[in-house]
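Asker: Quick one: the structure is below, questions incoming.
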Amino acid sequence: MKLRLLYPRDKVGEAVLSRIVLETQILVNILEAKVTPTTGEMVVDVPVRGTQLEETIALFEKARVDVKKILAVVRIDTDRCISCGACVSPCPAQAIKQNVDWSVELEEAKCIGCLVCVDACPVRAIVPA
Amino acid sequence: MPELHKPVGTMIEELGSESLRTYEEINEKIVRGDAVVLTADEFVAHAAKNGLHATANEVDVVTTGTFGAMCSSGVFLNFGHSEPPIKMLRCWLNDVPAYKGLAAVDAYIGAAAMSESRGFDYGGGHVIEDLVSGKEIALRGEGYGTDCYPRKSIETTLVLGDLNQAILVNPRNAYQHYNAATNSTDRILYTYMGTLLPHFGNVTYSGAGQLSPLYKDSGFETIGIGTKIFLGGGVGYVMGEGTQHSPQTQFGTIMVRGDLKNMNSRYLRGASFHRYGTTLYVGLGIPIPIVNMRVAESAALKDEEIHTSVVDYGVPSRNRPAIRKVSYADLKSGEIYIKDRKSRTSPLSSFKYAKEIAETLKHWIQERRFSLCRPTELLPRQREFKPLQVGRPPHGEDDAEQYFGNSSRGSSGSSRQYDDDY
């Protein structure tokens, strides 16, 4: 599950993520990190589900980090998609595939949110979710 | 590519020979409703299973299809005259400049022209898609005013039905086949072959392979001026060779026309390649009459037998190195080896739509709504594909010889230096 973490100002200097990783032993993958004078924002991929996921989210919230689940980073507008495949091979996470009938499908779980596909699509059928 | 003039029996058949069946015989069967029509995919499978001879004797027509980016496409428009009338010198459709070097209210909107306000996001191809979709288009025109055309400017909106003519005329469509593309550099490249990841990170390719209209008649025995085709969802015609037509290397192209008012936006889509420019995806399909064994052999070619080169677009030259040869079957498998690493492949032209077009054309023929036309002149099978020389002075100059020399980039002995622009 991909999560968007928003750190309050006074927590930006604290290694909240590292402490939670050590504590839970979960191999969190950092997809995006942005630190400004007033906030810290991160997009992470936490490779657990169910109760374990909810417990991990609770740990962040206890540290006063705001957590939002990212269900989809991009989506394919099937009304616009022409099934050309231009988005498929540029995807570095191999999250887009073509079925036997060449129709294009996004596997949300694999998406790392790099947005290369959005520009690669010639008919602008891939939009940020 | 099938060998031309291969002897059949003891006779060498002339080009376009109708030894198996004639256009008239085929059209009579179409009218009766018992023409045997297969898509190219079906014909390939049938020939593999039953043998070429049996298949060629049985099947009358093979339908083909392609849906890819065709930048040399556009529409000739006639707006009709305003009151008072204007002779437009410049005009814009939704801020996209159209060519106005024709009569007062004749214009040509090309797929690759781009909006002066929206740039790469909206071009001539998008205007064409919007027109076919029935959307309102903003027309702006400027003229210098004459005694007979006193008006100097005009701004109005119009829809497709308002136009006297809207004729799709595409100077280069339906490439017989095309390159595959990769990138040897260490940065992402944005090209007309899509997004290319660094260090051979991916491979893109274009062309419908065994569904490709021109590849299925590689000998160009049935396609030519007057061939009736599926174009943009309606009926169109081949006008002759397209620009850069290069038959000897299987890079044949055609110029086509059709009435935009009978087309549909499913098969005419405005498109934009990031940091490259705008274009138009065109749906095109050609019925191939199986008139002789050579045509049958060409129509039966399968993806495994249709080859192309993986070309390195990381080299900014008109002569890009070919990294390796592959078949369309290799490309369609989803991954190929480049040097010693596996690279994922993906197409730029839609096989889903190509199949749909071939199927649609098949149904049109089976439903007796579409007959075949014998072309009045076949496509040329020989063309020299010349480059553009930079810095060559006009013919007839006294010291012209010192500029020609041996170098294609201009003479080394000259006092003038020319930079080649890419």
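The values are calculated or read from the model by the stated rules, or taken from the named source; none is laboratory data. Keep in mind that what you see is a predicted model, and the values were worked out from it rather than measured. Backbone-built Cβ (ideal geometry, glycine too); neighbour counts: all protein chains shown.
Asker: Do we find that B:ALA107 is of a type in the set (Gly, Ala, Ser) and in a strand (DSSP E or B) in this structure?
Answerer: For B:ALA107, the condition - of a type in the set (Gly, Ala, Ser) and in a strand (DSSP E or B) - is met.
Asker: Quick one: is A:ILE30 within 27 Å of A:LEU115 (Cα to Cα), in a helix (DSSP H, G or I) and not aromatic (Phe, Trp, Tyr)?
Answerer: When the stated conditions are applied, A:ILE30 does not pass them.
Asker: Are any residues in the range B:344-371 within 27 Å of B:SER184 (Cβ to Cβ) and surrounded by fewer than 20 Cβ atoms within 10 Å (Cβ to Cβ), and if so, which ones?
Answerer: Scanning the range B:344-371 gives a single hit, B:ARG344.
Asker: Name the single residue that is nearest to A:ALA86 (Cα to Cα) among those in the range B:169-198 being assigned to a strand (DSSP E or B) and more than 14 Å from chain A (Cβ to nearest Cβ).
Answerer: B:ASN173
Asker: A further question follows. Filter the range A:74-129 down to the residues that are of a type in the set (Asp, Glu) and closer than 26 Å to B:ALA112 by Cβ and list them by number.
Answerer: Looking only at the range A:74-129, we keep the residues that are of a type in the set (Asp, Glu), and these are A:77, A:79, A:101, A:105, A:107-108, A:119.
Answer for the range A:74-129, where residues must be of a type in the set (Asp, Glu) and closer than 26 Å to B:ALA112 by Cβ: A:ASP77, A:ASP79, A:ASP119.
Asker: Same structure, new question: Taking the range B:121-137 only, how many residues are closer than 20 Å to B:GLU155 by Cα, hydrophobic (A, V, I, L, M, F, W, C) and away from chain A (no Cβ under 14 Å)?
Answerer: 3
Asker: Check B:ARG275 against each of (1) within 12 Å of chain A (Cβ to nearest Cβ); (2) basic (Lys, Arg); (3) buried (at least 21 other Cβ atoms within 10 Å of the Cβ) and name the one condition it does not meet.
Answerer: The failed condition is (3).
Asker: Can you tell me which of B:ILE336, B:ILE290 is over 22 Å from the mean Cα position of the chain (by Cα), more than 21 Å from B:TYR175 (Cβ to Cβ) and either buried (at least 17 other Cβ atoms within 10 Å of the Cβ) or assigned by TED's automatic domain parsing to the domain that holds B:LYS228 (or both)? Don't jump to the end; show me each part of the working.
Answerer: Working: B:ILE336 fails: more than 21 Å from B:TYR175 (Cβ to Cβ).
Answer to the selection: B:ILE290.
Asker: Considering every residue within the range B:226-240, establish whether at least one is under 30 Å from B:SER117 (Cβ atoms) and away from every other protein chain (no Cβ under 14 Å).
Answerer: no
Asker: Residues in the range A:69-98 that are facing another protein chain (nearest Cβ under 9 Å) and either over 14 Å from A:CYS121 (Cβ atoms) or buried (at least 19 other Cβ atoms within 10 Å of the Cβ) (or both): how many?
Answerer: 15
Asker: Next up: Taking the range B:44-82, which residues are within 18 Å of the chain's Cα centre (by Cα), within 13 Å of B:PRO287 (Cα to Cα) and away from chain A (no Cβ under 14 Å)? Steps first, answer last, please.
Answerer: As a first pass, look at the range B:44-82 and keep what is within 18 Å of the chain's Cα centre (by Cα): B:63-76.
If we keep only those that are within 13 Å of B:PRO287 (Cα to Cα) too, we end up with B:63-66.
Listed by number, the residues that qualify are B:THR63, B:THR64.
Asker: Given (1) part of a helix (DSSP H, G or I); (2) out of contact with any Leu (no Cβ under 9 Å at 6 or more places or on another chain); (3) not charged (D, E, K, R), where does B:LEU372 come up short, assuming only one miss?
Answerer: Of (1) part of a helix (DSSP H, G or I); (2) out of contact with any Leu (no Cβ under 9 Å at 6 or more places or on another chain); (3) not charged (D, E, K, R), only one is false for B:LEU372: (1).
Asker: Among the candidates A:ALA58, A:ALA15, single out the residue that is exposed (fewer than 12 other Cβ atoms within 10 Å of the Cβ), more than 30 Å from B:SER333 (Cα to Cα) and either within 14 Å of chain B (Cβ to nearest Cβ) or modelled with pLDDT of 95 or more (or both).
Answerer: Among A:ALA58, A:ALA15, only A:ALA58 is exposed (fewer than 12 other Cβ atoms within 10 Å of the Cβ), more than 30 Å from B:SER333 (Cα to Cα) and either within 14 Å of chain B (Cβ to nearest Cβ) or modelled with pLDDT of 95 or more (or both).
Asker: Further, regarding this structure: Name the strands (runs of 3 or more DSSP E) wholly inside the range B:303-361 in which the number of residues that are facing chain A (nearest Cβ under 10 Å) and touching an Asp or Glu at 6+ places or on another chain (Cβ under 9 Å) is 1 or more.
Answerer: B:341-347
Asker: Let me ask something else about it. Does B:SER133 count as surrounded by fewer than 19 Cβ atoms within 10 Å (Cβ to Cβ) and under 26 Å from the mean Cα position of the chain (by Cα)?
Answerer: Yes; evaluated as a whole, the condition is true for this residue.
Asker: Follow-up. Return the pairs, sorted by first residue and then second, in which the second residue is part of a loop (DSSP other than H, G, I, E, B) and acidic (Asp, Glu), the first residue lies in the range A:101-127 and is on the phi > 0 side of the Ramachandran plot and within 14 Å of chain B (Cβ to nearest Cβ), the beta carbons are less than 9 Å apart, and the residues are 6+ apart or on different chains.
Answerer: Pairs that qualify, where the first residue is on the phi > 0 side of the Ramachandran plot and within 14 Å of chain B (Cβ to nearest Cβ) and the partner is part of a loop (DSSP other than H, G, I, E, B) and acidic (Asp, Glu), are A:ARG124/A:ASP77.
Asker: Follow-up. Being assigned to a loop (DSSP other than H, G, I, E, B) and closer than 15 Å to B:GLY65 by Cβ is the filter here; which residues of the range B:212-251 pass it?
Answerer: B:SER212, B:PRO213, B:LEU214, B:ILE223, B:THR227, B:GLY232, B:GLY233
Asker: So if I check each of B:ALA107, B:ALA111, which one is surrounded by 15 or more Cβ atoms within 10 Å (Cβ to Cβ) and within 14 Å of chain A (Cβ to nearest Cβ)?
Answerer: B:ALA111
Asker: Just to be sure, is A:ASP66 of a type in the set (Asp, Glu), within 14 Å of chain B (Cβ to nearest Cβ) and either surrounded by fewer than 16 Cβ atoms within 10 Å (Cβ to Cβ) or in contact (Cβ under 8 Å) with a residue 24 or more places away in the chain (or both)?
Answerer: Considered against the rule, which asks whether it is of a type in the set (Asp, Glu), within 14 Å of chain B (Cβ to nearest Cβ) and either surrounded by fewer than 16 Cβ atoms within 10 Å (Cβ to Cβ) or in contact (Cβ under 8 Å) with a residue 24 or more places away in the chain (or both), A:ASP66 comes out as no.
Asker: Then there is this: Report yes if B:ASP41 is in contact with a helix residue (DSSP H, G or I) (Cβ under 7 Å, 6 or more places away or on another chain), farther than 25 Å from B:THR279 by Cβ, within 14 Å of chain A (Cβ to nearest Cβ) and touching a residue at least 40 places away in the same chain (Cβ under 8 Å), otherwise no.
Answerer: yes
Asker: Out of the range B:252-278, which residues are assigned to a helix (DSSP H, G or I), of a type in the set (S, T, N, Q) and either in the same structural domain as B:ASP121 (by TED's automatic domain parsing) or more than 20 Å from B:ALA112 (Cβ to Cβ) (or both)? Let's see the steps before the verdict.
Answerer: Let us first name the residues in the range B:252-278 that are assigned to a helix (DSSP H, G or I), namely B:260-262, B:265-267.
Now narrow it down to the ones that are of a type in the set (S, T, N, Q): B:262, B:265.
Once the filter is applied, which keeps residues that are assigned to a helix (DSSP H, G or I), of a type in the set (S, T, N, Q) and either in the same structural domain as B:ASP121 (by TED's automatic domain parsing) or more than 20 Å from B:ALA112 (Cβ to Cβ) (or both), the range B:252-278 yields only B:ASN262.
Residues are listed down the side, and each one gets a yes or a no for (1) surrounded by 20 or more Cβ atoms within 10 Å (Cβ to Cβ); (2) part of a strand (DSSP E or B); (3) at negative phi:
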site: B:LEU77; (1), (2), (3): yes, yes, yes
site: B:GLU83; (1), (2), (3): no, no, yes
site: B:CYS91; (1), (2), (3): yes, yes, yes
site: B:PHE120; (1), (2), (3): no, yes, yes
site: B:HIS126; (1), (2), (3): yes, no, yes
site: B:ALA138; (1), (2), (3): no, yes, yes
site: B:GLY145; (1), (2), (3): no, no, no
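Asker: Sticking with this one: What single numbered condition from (1) touching a strand residue (DSSP E or B) at 6+ places or on another chain (Cβ under 7 Å); (2) free of Cβ contacts under 8 Å to residues at least 40 places away in the same chain; (3) not hydrophobic (A, V, I, L, M, F, W, C) fails to hold for A:ASP77?
Answerer: Among (1) touching a strand residue (DSSP E or B) at 6+ places or on another chain (Cβ under 7 Å); (2) free of Cβ contacts under 8 Å to residues at least 40 places away in the same chain; (3) not hydrophobic (A, V, I, L, M, F, W, C), the lone unmet condition for A:ASP77 is (2).
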